Number of protein chains: 2
Amino acid sequence: MKIKVIVTLKSGVLDPQGKAIQQTLNGMGFANVKDVRQGKYFDLDISENDEQKAKFAAEEICKKLLANQVIEDFKII
Amino acid sequence: MKIKVIVTLKSGVLDPQGKAIQQTLNGMGFANVKDVRQGKYFDLDISENDEQKAKFAAEEICKKLLANQVIEDFKII
């Protein structure tokens with residue numbers, strides 16, 4: 001089954017990449033863009049039919065590989 | 001208002017980064033991970049109270065900057 005994961009920087013952690021995108025957008029005429037934060041998105045295909053088990057595996061995967069929990073949060077959707 | 005955007009590679013486009021993650025996970029003992037596709041996630045803060053208008057602006061932003069529509073799809077959530 002497919003599990004979607006979003007990994008984002010914790011609020012308070014500087015995001016220079018997002019800032020660069022915001023400034024570029026302002027320069028392109030999108031003056032009403034006040035802030036941009038960039039994160040990562042993962043589509044995991046886990047061969048497990050039980051949704052609960054698949055989500056549990058995804059959580060383990062996030063903690064062990066995909067997210068650096070010191071500066072990042074993850075959300076399983 | 002905050003608009004969330006996910007940019008993913010179109011299906012059929014090779015994703016070596018996702019493949020590397022999948023192989024690493026298999027090596028770490030997550031043998032049931034069959035496929036991983038990586039994408040990008042953006043949190044846009046647009047100073048616009050009308051949700052319709054904010055989403056329309058986000059769509060323009062995706063088409064013009066965030067997504068390469070030749071190889072990528074975007075989704076506004």
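Would you tally the residues in segment B:1-20 being more than 7 Å from chain A (Cβ to nearest Cβ), hydrophobic (A, V, I, L, M, F, W, C) and in contact (Cβ under 8 Å) with a residue 12 or more places away in the chain?
Looking only at that region, the number is 6.
Looking at this structure, is A:VAL70 surrounded by 20 or more Cβ atoms within 10 Å (Cβ to Cβ), within 20 Å of the chain's Cα centre (by Cα) and either without any contact (Cβ under 8 Å) to a residue 12 or more places away in the chain or within 11 Å of another protein chain (Cβ to nearest Cβ) (or both)?
Numbers: surrounded by 20 or more Cβ atoms within 10 Å (Cβ to Cβ): no; within 20 Å of the chain's Cα centre (by Cα): yes; either without any contact (Cβ under 8 Å) to a residue 12 or more places away in the chain or within 11 Å of another protein chain (Cβ to nearest Cβ) (or both): yes.
It is false that A:VAL70 is surrounded by 20 or more Cβ atoms within 10 Å (Cβ to Cβ), within 20 Å of the chain's Cα centre (by Cα) and either without any contact (Cβ under 8 Å) to a residue 12 or more places away in the chain or within 11 Å of another protein chain (Cβ to nearest Cβ) (or both).
Checking the condition in a helix (DSSP H, G or I) and open to solvent by 30 Å² or more (accessible area, probe 1.4 Å), which residue from A:LYS34, A:LYS64, A:LYS40 passes? Steps first, please.
Numbers: A:LYS34 fails: in a helix (DSSP H, G or I); A:LYS40 fails: in a helix (DSSP H, G or I).
After applying the criteria, what remains is A:LYS64.
Among the residues in segment B:44-51, are any surrounded by fewer than 20 Cβ atoms within 10 Å (Cβ to Cβ), more than 11 Å from chain A (Cβ to nearest Cβ) and over 26 Å from A:SER11 (Cα atoms)?
Looking through segment B:44-51, none of the residues is surrounded by fewer than 20 Cβ atoms within 10 Å (Cβ to Cβ), more than 11 Å from chain A (Cβ to nearest Cβ) and over 26 Å from A:SER11 (Cα atoms).
Within the bounds of segment B:26-37, is there any residue that is free of Cβ contacts under 8 Å to residues at least 12 places away in the same chain and closer than 16 Å to A:LEU25 by Cα? Working first, answer last.
Taking segment B:26-37 and keeping what is free of Cβ contacts under 8 Å to residues at least 12 places away in the same chain, we get B:26-33.
Add one more test, that the residue is closer than 16 Å to A:LEU25 by Cα, and what stays is none.
No, segment B:26-37 contains no residue that is free of Cβ contacts under 8 Å to residues at least 12 places away in the same chain and closer than 16 Å to A:LEU25 by Cα.
The values are calculated or read from the model by the stated rules, or taken from the named source; none is laboratory data. Everything numeric in this text was worked out from a predicted model, so none of it was measured. Methodologically, a virtual Cβ is constructed for each residue, glycine included, from the backbone with ideal geometry; neighbour enumeration extends over all protein chains shown. Calculation scope for accessible area: heavy atoms of the full protein, side chains included, ligands and nucleic acids excluded. Shrake-Rupley method; radii C 1.70, N 1.55, O 1.52, S 1.80 Å.
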